[in-house]
Amino acid sequence: MKKLAVAALSAACILSAAVFGGCDSGEATVNYKLSEDGTHYIVSGVTGNLRALTRYDVPSTYCEEEGGQALPVTEIGNDAFMNCTRLSEVTIPDTVTRIGGRAFARCALEYVTIPESVITIDFCAFGDNSYLKEITVPESVEFLGELAFYRCTSLKTAVVKANIEMLGYRTFFNSAYSHAQTLYINSMLEKVYLPSTLKKIHVSALAGNKITDIYFAGSEEQWNQMYFYDVVKKVVDGQETEETEERKYDKKYVMGAAQVHFNSEF
């Protein structure tokens with residue numbers, strides 16, 4: 001299988017090794033695999049020195065063998081770039097329709113453009129990107145997974161245009177526990193833009209942020225019909241059962257003093 005490699009060792013790194021007695025060296029190799037039906041390629045992972053990968057352009061097409069047939073790259077697979085802790089720039093082509101679970105978790109992305117071709121963003125896809133400053137989830141997205149932007153503590157603005165009815169568990173969650181096990185807030189997220197298609201938001205989806213303004217694409221009537229929820233075990237005769245049910249929460253209880261703006265354009 002053909003692979004794409006990124007060189008890692010530099011003169012500065014060599015000097016660092018001489019002074020401090022150690023250094024990351026070697027290459028990071030981005031791997032691809034052919035889909036089961038043989039119609040497209042999937043970014044399957046990075047091997048070698050993950051810290052060598054500082055920027056990467058995902059190609060729109062890929063060919064496993066020189067002179068072979070080039071096929072579109074339509075998926076960034078589960079865990080593909082996870083733990084590439086120096087990856088600060090990535091280009092995603094408009095052939096990609098799915099960004100897999102934890103695909104960019106624990107990277108160093110500051111900005112990333114998600115193309116209008118993407119339909120699925122899976123579980124924790126961009127989780128723990130502590131340098132990410134802003135994000136736009138395009139209208140093409142029909143599935144936005146739980147914890148998709150979990151603990152992106154530098155995030156200032158989140159624009160969700162996605163065609164979704166639910167903002168799920170810890171989508172933009174930013175609370176954490178200190179060593180003393182007390183809950184604290186470590187987030188810059190103040191402004192959130194939400195689509196008119198939303199029917200419900202999990203109570204943890206926006207928790208732990210300093211949100212001052214929510215810009216809603218729909219009307220005040222649509223907002224009033226939308227609700228915050230949690231999934232809890234059903235209680236029968238004072239005893240918890242294995243069955244679950246939705247519990248609804250008052251918006252003010254969840255949102256605090258955040259101001260809601262209706263019919264907002266993104």
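The values are calculated or read from the model by the stated rules, or taken from the named source; none is laboratory data. Predicted model, so just to flag it, every value in this text is computed and none were measured. Cβ atoms come from the backbone with ideal geometry, glycine included; neighbour counts cover every protein chain shown.
Observations, loosely collected:
- Filter pass, residue 74 being under 22 Å from residue 120 (Cβ atoms), out of contact with any Leu (no Cβ under 8 Å at 6 or more places or on another chain), part of a loop (DSSP other than H, G, I, E, B) and at pLDDT 95 or above: no
- Residues that are of a type outside the set (Phe, Trp, Tyr), within 22 Å of the chain's Cα centre (by Cα) and under 23 Å from residue 118 (Cβ atoms), drawn from segment 24-53: 30, 31, 42, 43, 44, 45, 46, 53
- Between 113, 153, the distinction of being part of a loop (DSSP other than H, G, I, E, B), under 13 Å from the mean Cα position of the chain (by Cα), at pLDDT below 95 and under 30 Å from residue 265 (Cα atoms) belongs to 153 only.
- Only one entry of 96, 90, 160 meets the criterion of being modelled with pLDDT of 95 or more, in the same structural domain as residue 58 (by TED's automatic domain parsing) and either farther than 25 Å from residue 62 by Cα or in contact with a Lys or Arg (Cβ under 8 Å, 6 or more places away or on another chain) (or both), and that entry is 90.
- Tally of residues being within 17 Å of residue 202 (Cα to Cα) and surrounded by 18 or more Cβ atoms within 10 Å (Cβ to Cβ) across segment 155-165: 4
- For residue 8, the conditions (1) loosely packed, with under 13 Cβ neighbours inside 10 Å; (2) at pLDDT below 95 all hold with the exception of (1).
- Pairs, first among the polar types (S, T, N, Q) in segment 234-263, second surrounded by 10 or more Cβ atoms within 10 Å (Cβ to Cβ) and outside any strand (DSSP E or B), C-beta under 9 Å, six or more apart: 259/212; 263/196; 263/217; 263/218; 263/219; 263/220
- Counted residues, segment 12-44 - those being under 19 Å from residue 89 (Cβ atoms) and either polar (S, T, N, Q) or at pLDDT 55 or above (or both): 5
- Of residues in segment 45-71 being among the small types (Gly, Ala, Ser) and assigned to a loop (DSSP other than H, G, I, E, B), the one modelled with the lowest pLDDT: 67
- The single condition from (1) of a type in the set (S, T, N, Q); (2) at pLDDT 95 or above; (3) assigned to a loop (DSSP other than H, G, I, E, B) that residue 209 fails is (2).
- Condition check for residue 254: in a helix (DSSP H, G or I), surrounded by 11 or more Cβ atoms within 10 Å (Cβ to Cβ) and modelled with pLDDT under 95: yes
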